[in-house]
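Asker: Okay, handing you the structure first.
The values are calculated or read from the model by the stated rules, or taken from the named source; none is laboratory data. On a predicted model such as this, the values are computed, not experimentally measured, just so you know. So basically every Cβ, Gly included, is an ideal-geometry build from the backbone, and we count neighbours across all protein chains shown.
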Amino acid sequence: MTEPDLSSSREASVGGDLAVRAAPPPVLELPPAHLELCWRPLTPVDAPALAALLATIEEADGARSRTSPDAARELLEGAWKDLATDSLAGLDADGELRAYALVEVRPGDQRTVRAFLRGGVHPAWRGRGVGPAVLVWMEGRGRQMLAATGRDVPGRLAVYVDEDQRDQRRLYAAAGFSPIRWYTQMRRDLAAPLPEATVPDGLDVVPWSEDLDDAVRLAHNEAFLDHWGTEPQTPETWRGHRSGFAPAWSLVALDRSGGADAATDRGPVVAGYLLSGRYEEDWPALGYTAGYTDLLGVRPAYRGRGLAVALLAGAMAAYRADGMAYAALSVDTANPSGAHSLYERLGYERVHGEVLYSVEI
């Protein structure tokens, strides 16, 4: 859905082994004992406690996006993750989870290796230095993980922060993270007439199906090759976070002639796709129901023919048929493809935003 400016000039200027540039700490210390929490790695058994902690944090922060129990469980799953080294659980004297940290480097990263940081502290334990200590650990572990890749490409320590979370933004800024990208959450009232759109000649739009999923993944990797901040999805990462996935609201555009791939004789070719999410846990906080467009992509050979609009219109119709009040999505405000303007023309309006803070290595 959501990102040719590729920061290519920066990438060309990067030199030296990432193992050196990342400056990993030789020893990673746990947060200090005076914070009165006991620290250990998270385990899959902690999923219910993590879900409860996230619910408390998100309620206190007035977050618009809420984490379901299934989504919390998915944070602790994935063959590419090593919770024993890449996570922390901070427990109080009663064994209750009061803070957490997760650091993830995805196996498909090629142009820029990214360490994603995610952590949080129970509201009752804030103001004691726990948050900064958790961030120090996450940054140190992120640097170690970047160095361990042995790559000679740019590296990034990355964290997404809601634009309204001033305390979190100050925390990351004080630690040397810079805001480098802004993402706008948008919604479109489905009570208004839906846009008129025609599927381009030679293409068919069909419901998503399991047998098409890997072809959609490959089409996604090609469609987002020129988008800043994205890296190829492996089969494992592609299917890693599907708790909110809504197959009934997801569409695939097929070129049954084989198109540019006709010589391979592999059957229908994926020209574009729209994958949707149903995030019911968000609706009370938002105050309305919505179908969410998680990913929208069109392969370069099929652009400029109105396919993206046809997919969006089809998804809107599916959302409305199931009683949703709005269609929603997120877009990179610096997206050079003109996606932001396209969404505005289709009636999407800004709701709020998210900021990517990073340390570029």
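Asker: Looking only at region 217-236, which residues are part of a loop (DSSP other than H, G, I, E, B) and not aromatic (Phe, Trp, Tyr)? Spell out how you get there, then give the answer.
Answerer: First pass over region 217-236, keeping only residues part of a loop (DSSP other than H, G, I, E, B): 224-234.
Listed by number, the residues that qualify are 225, 226, 227, 229, 230, 231, 232, 233, 234.
Asker: Something else: For region 73-103, name all the residues that are in a loop (DSSP other than H, G, I, E, B) and surrounded by 16 or more Cβ atoms within 10 Å (Cβ to Cβ). Walk me through how you get there before you give the answer.
Answerer: Within region 73-103, the first condition is being in a loop (DSSP other than H, G, I, E, B), and the residues that meet it are 76-82, 92-96.
Answer for region 73-103, where residues must be in a loop (DSSP other than H, G, I, E, B) and surrounded by 16 or more Cβ atoms within 10 Å (Cβ to Cβ): 76, 78, 81.
Asker: Moving to a separate point now. Residues of region 281-324 being within 23 Å of residue 68 (Cβ to Cβ) and either assigned to a loop (DSSP other than H, G, I, E, B) or in the same structural domain as residue 65 (by TED's automatic domain parsing) (or both), which ones? Reasoning before the result, please.
Answerer: Restricting attention to region 281-324, the residues satisfying the condition of being within 23 Å of residue 68 (Cβ to Cβ) are 281-296, 315, 318-319, 322-324.
287, 288, 289, 322, 323, 324 - these are the residues of region 281-324 that are within 23 Å of residue 68 (Cβ to Cβ) and either assigned to a loop (DSSP other than H, G, I, E, B) or in the same structural domain as residue 65 (by TED's automatic domain parsing) (or both).
Asker: Just one of 214, 201 is in a helix (DSSP H, G or I), outside the structural domain of residue 40 (by TED's automatic domain parsing) and either among the hydrophobic types (A, V, I, L, M, F, W, C) or within 30 Å of residue 247 (Cβ to Cβ) (or both); which is it?
Answerer: On the way: 201 fails: in a helix (DSSP H, G or I).
The conditions single out 214.
Asker: Can you run down the residue pairs with Cβ atoms below 9 Å, 6 or more apart or on separate chains, where the first is in region 98-116 and in the same structural domain as residue 155 (by TED's automatic domain parsing) and more than 23 Å from residue 28 (Cα to Cα) and the partner is assigned to a strand (DSSP E or B) and among the acidic types (Asp, Glu)?
Answerer: 112/360
Asker: Still on this structure, please answer the following. Residue 180 is checked against (1) outside any helix (DSSP H, G or I); (2) among the aliphatic types (A, V, I, L, M); (3) within 21 Å of the chain's Cα centre (by Cα); (4) crowded, with 19+ Cβ neighbours inside 10 Å and fails just one. What number does that condition carry?
Answerer: Among (1) outside any helix (DSSP H, G or I); (2) among the aliphatic types (A, V, I, L, M); (3) within 21 Å of the chain's Cα centre (by Cα); (4) crowded, with 19+ Cβ neighbours inside 10 Å, residue 180 violates only (4).
Asker: Anything in region 104-123 that is in a strand (DSSP E or B) and either modelled with pLDDT under 95 or more than 14 Å from the chain's Cα centre (by Cα) (or both)? List them, or say none. Break it down stepwise before answering.
Answerer: Step one: list which residues in region 104-123 are in a strand (DSSP E or B), which gives 104-105, 113-121.
Once the filter is applied, which keeps residues that are in a strand (DSSP E or B) and either modelled with pLDDT under 95 or more than 14 Å from the chain's Cα centre (by Cα) (or both), region 104-123 yields 113, 119, 120, 121.
For every residue, the table says whether it meets (1) buried (at least 16 other Cβ atoms within 10 Å of the Cβ); (2) in contact with a Leu (Cβ under 7 Å, 6 or more places away or on another chain); (3) not charged (D, E, K, R).
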position: 22; (1), (2), (3): yes, yes, yes
position: 38; (1), (2), (3): no, yes, yes
position: 50; (1), (2), (3): yes, yes, yes
position: 63; (1), (2), (3): yes, no, yes
position: 71; (1), (2), (3): yes, no, yes
